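Here the structure comes first, spelled out in structure tokens, and everything after it is commentary.
The values are calculated or read from the model by the stated rules, or taken from the named source; none is laboratory data. If you're wondering where the values come from, they're calculated on a predicted model, not measured in any experiment. When we count neighbours, we look across all protein chains shown, and the Cβ atoms used for this are built from the backbone with ideal geometry, even at glycine.
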Amino acid sequence: MAENPSLRGLALWLPFLGVILAAVITGVFALLASGGGTSNAGAPSTTAGTTPASTVTAGPAAAPPASSPATTPSGAAEIPTEQFNRKITLQAGATDDAMDLDTVPPQLSEEDADNDVLLETDMRESVGDVADFDGGARIAKWKGDGVPDYAQCQDAAATQGIRIVENVKKGTVLCVRTSEGRTARLTVSSFEEFHSMTFDTVVWSR
């Protein structure tokens, strides 16, 4: 029986088709394998047993504490206000010429307990003695430099105050603790021989 030419041709092509089909299948598997590797690229790789480093995000800056009003340090003494700051004049003479520094303004007083300063009658040509009649006040001559402030005058009168201060002349500064406990500063600004003294006077309230 004669061989069919078409069958013979098909038999010749079958080996080639097998080779082509094998190549196609191999390419498909290679493509799938390549795609699987790409899908995992970008995923973070971790090593077993390690923990990613933690980050701290800074929150908003804390607001500064509200400032409190300034206060006087504990134990610090307050400076009293000036209740009088003018000139006074003392006349040399009797006790009724004594000055009460606690009143506003200071005034002459015949009450011994109220009198703080007087000018003694034995006033000399350029100096005089300033005294307290009954000892209720204390008078000290300032020996420091310049003009004493409240605290300095208060301390001088408390620690050095006596009843009579002698040889008071122009420019002399006296610190006085009054009969009611106030502090006063008297600076001799002018002098009338044998007659009177005028003082720049500051009296602080208690």
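Each row is one residue, and each column tells you yes or no for (1) in contact with an Asp or Glu (Cβ under 9 Å, 6 or more places away or on another chain); (2) of a type in the set (A, V, I, L, M, F, W, C); (3) within 24 Å of PRO80 (Cα to Cα).
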| residue | (1), (2), (3) |
| --- | --- |
| THR103 | yes, no, yes |
| ASP129 | yes, no, no |
| ILE139 | yes, yes, yes |
| ARG163 | yes, no, no |
| GLY171 | no, no, no |
| CYS175 | yes, yes, yes |
| ALA184 | yes, yes, yes |
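Among the listed residues VAL176, VAL104, which satisfies the condition of being exposed (fewer than 12 other Cβ atoms within 10 Å of the Cβ), closer than 13 Å to TRP204 by Cβ and of a type in the set (A, V, I, L, M, F, W, C)?
Of the residues listed, the single one that is exposed (fewer than 12 other Cβ atoms within 10 Å of the Cβ), closer than 13 Å to TRP204 by Cβ and of a type in the set (A, V, I, L, M, F, W, C) is VAL104.
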Does the stretch 121-129 include one or more residues that are within 26 Å of SER205 (Cβ to Cβ), in contact with a strand residue (DSSP E or B) (Cβ under 8 Å, 6 or more places away or on another chain) and at pLDDT 90 or above? no
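Residues being part of a strand (DSSP E or B) and either surrounded by fewer than 16 Cβ atoms within 10 Å (Cβ to Cβ) or among the small types (Gly, Ala, Ser) (or both): count how many of those fall in the stretch 90-101.
Counting residues in the stretch 90-101 that are part of a strand (DSSP E or B) and either surrounded by fewer than 16 Cβ atoms within 10 Å (Cβ to Cβ) or among the small types (Gly, Ala, Ser) (or both) gives 1.
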I need the full set of residues from the stretch 109-137 which are aliphatic (A, V, I, L, M) and surrounded by fewer than 15 Cβ atoms within 10 Å (Cβ to Cβ), in order please. ALA113
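So which of ALA184, ALA151, ALA156 is crowded, with 21+ Cβ neighbours inside 10 Å, farther than 17 Å from ASP97 by Cβ, out of contact with any Leu (no Cβ under 8 Å at 6 or more places or on another chain) and not aromatic (Phe, Trp, Tyr)?
Values: ALA184 fails: out of contact with any Leu (no Cβ under 8 Å at 6 or more places or on another chain); ALA151 fails: crowded, with 21+ Cβ neighbours inside 10 Å.
None of the other options fit; the residue is ALA156.
Got a number for residues in the stretch 134-184 being part of a loop (DSSP other than H, G, I, E, B), touching a Gly at 6+ places or on another chain (Cβ under 6 Å) and either free of Cβ contacts under 8 Å to residues at least 12 places away in the same chain or under 22 Å from VAL104 (Cα atoms) (or both)? Let's see the steps before the verdict.
Quick first cut of the stretch 134-184, residues part of a loop (DSSP other than H, G, I, E, B) only: 134-137, 142-149, 161, 163, 169-172, 178-182.
Add one more test, that the residue is touching a Gly at 6+ places or on another chain (Cβ under 6 Å), and what stays is 163, 179.
Filter once more, so that each one left must be either free of Cβ contacts under 8 Å to residues at least 12 places away in the same chain or under 22 Å from VAL104 (Cα atoms) (or both): 179.
Residues that pass the stated criteria total 1.
Before we move on, is ALA98 among the small types (Gly, Ala, Ser) and modelled with pLDDT of 95 or more?
Details: among the small types (Gly, Ala, Ser): yes; modelled with pLDDT of 95 or more: no.
No; evaluated as a whole, the condition is false for this residue.
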